[in-house]
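First up is the structure itself, then whatever we jot down about it.
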Amino acid sequence: MRLVFLGAPGVGKGTQAEMVSAKYGIPKISTGDLLRAAVAQKTPLGLEAKQFMDRGDLVPDKVVIGLVEEKTNAAECAKGFILDGFPRTVPQADTLTGMLAKKGVSLDRVVYFVIPREEVISRLSGRRSCSNCPAVYHVEFVPPKQEGVCDDCGGTLIQRSDDQKETVESRLNVYEEQTSPLIQYYREKNLLVELNGSGAVEDVQGRLVALLSAS
Ligand code: AP5
């Protein structure tokens with residue numbers, strides 16, 4: 001199963017991608033996670049990406065495409081993958097289509113997560129991410145058992161620097177301008193399925209699994 005999770009920052013793509021990855025045994029490829037790892041390791045790519053991420057801008061297409069190409073070519077992706085946060089521009093989407101066509105495969109579904117803007121802001125402002133593993137929490141909606149400590153690995157929970165109010169506004173604007181055209185792009189290819197992302201994590205998960213099973 002080859003899936004793309006599409007939607008505004010904070011709609012819950014990463015949270016649901018982790019669960020779908022575990023349930024179906026296919027890897028989650030999050031360009032945000034890959035870029036943050038490169039930033040943390042201070043690689044040349046990470047240093048270049050950081051300036052864009054700190055402003056809430058998109059990292060240049062060529063940088064992100066290179067990362068995704070490498071990951072999707074790995075053996076673990078032979079049975080499928082979930083792309084979380086990629087593509088985010090029409091050129092990225094065109095490149096993905098071409099990359100998959102070269103392998104003789106294509107996407108199965110693009111899941112478009114929808115929640116009201118106010119909910120996005122409250123989810124992002126309370127998000128806490130593990131500094132050591134991909135786990136993500138929310139101070140109110142998805143709290144860890146012990147405040148500030150990751151349930152999975154005991155790592156310290158931190159607030160992402162791009163979850164500050166001003167950067168969130170900018171990320172939402174960038175999403176509207178550069179990523180939302182992909183809704184129509186994938187609708188025209190008959191790949192888009194819409195998911196109501198509101199409600200508890202488990203309820204969203206139930207709707208998502210039903211939707212993927214029906215497809
Ligand atoms: P990225 O990390 O991809 O950020 P994003 O798309 O802005 O998405 P988020 O990670 O903010 O949100 P999410 O939808 O995954 O929500 P989550 O599950 O965490 O990208 C960061 C930056 O990297 C970009 O700004 C850009 O600079 C760069 N970048 C990345 N990809 C790129 C690309 N392709 N091209 C160019 N640049 C790129 O949930 C959010 C919160 O809500 C959490 O606290 C969670 O616990 C909580 N939550 C989740 N579900 C629920 C629920 N049902 N109810 C209540 N709370 C919930």
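The values are calculated or read from the model by the stated rules, or taken from the named source; none is laboratory data. Not measured: the values here are computed from a predicted model. In this analysis, Cβ positions are derived from the backbone assuming ideal geometry, glycine residues included, and neighbour counts consider all displayed protein chains. When the accessible area is computed, the model is the full protein with side chains, heavy atoms only, and any ligands, DNA or RNA have been set aside. Shrake-Rupley method; radii C 1.70, N 1.55, O 1.52, S 1.80 Å.
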Restricting attention to the range 145-203, and to residues there that are among the hydrophobic types (A, V, I, L, M, F, W, C) and touching a helix residue (DSSP H, G or I) at 6+ places or on another chain (Cβ under 8 Å), which single residue is nearest to the ligand (Cβ to nearest atom)?
201
Looking at the range 28-39, I want the residues that are over 16 Å from residue 133 (Cβ atoms) and in contact (Cβ under 8 Å) with a residue 40 or more places away in the chain and have a partner that is part of a helix (DSSP H, G or I) and of a type in the set (A, V, I, L, M) with Cβ atoms under 6 Å, at least 6 apart or on another chain. Which pairs are those?
31/64
Taking the range 31-47 and the residues there that are of a type in the set (Gly, Ala, Ser) and open to solvent by 40 Å² or more (accessible area, probe 1.4 Å), the one that is nearest to the ligand (Cβ to nearest atom) would be 37
Please state which one of 128, 123 is assigned to a strand (DSSP E or B) and either farther than 26 Å from residue 2 by Cβ or in contact (Cβ under 8 Å) with a residue 60 or more places away in the chain (or both).
128
With the requirement that a residue be open to solvent by less than 10 Å² (accessible area, probe 1.4 Å), away from the ligand (no atom under 11 Å from the Cβ) and closer than 30 Å to residue 200 by Cβ, what does the range 82-109 give you?
82
Scanning the range 110-120 for residues that are surrounded by 17 or more Cβ atoms within 10 Å (Cβ to Cβ), of a type in the set (A, V, I, L, M) and either assigned to a loop (DSSP other than H, G, I, E, B) or modelled with pLDDT of 95 or more (or both) gives 110, 111, 115
What's the total number of residues in the range 136-170 that are open to solvent by less than 70 Å² (accessible area, probe 1.4 Å), in contact with a Gly (Cβ under 8 Å, 6 or more places away or on another chain) and not in a helix (DSSP H, G or I)?
4
Among the residues of the range 121-135, which ones are open to solvent by 60 Å² or more (accessible area, probe 1.4 Å) and either at pLDDT 95 or above or within 13 Å of the ligand (Cβ to nearest atom) (or both)?
121, 125, 128, 134
Restricting attention to the range 175-191, the residues that are of a type outside the set (Val, Ile, Thr) and surrounded by 14 or more Cβ atoms within 10 Å (Cβ to Cβ) number exactly 8
Residue set 79, 50, 28; condition more than 28 Å from residue 166 (Cβ to Cβ), open to solvent by 40 Å² or more (accessible area, probe 1.4 Å), within 12 Å of the ligand (Cβ to nearest atom) and not small (Gly, Ala, Ser); output residue 28
Within the range 196-215, does at least one residue satisfy the condition of being among the β-branched types (Val, Ile, Thr) and part of a strand (DSSP E or B)?
no
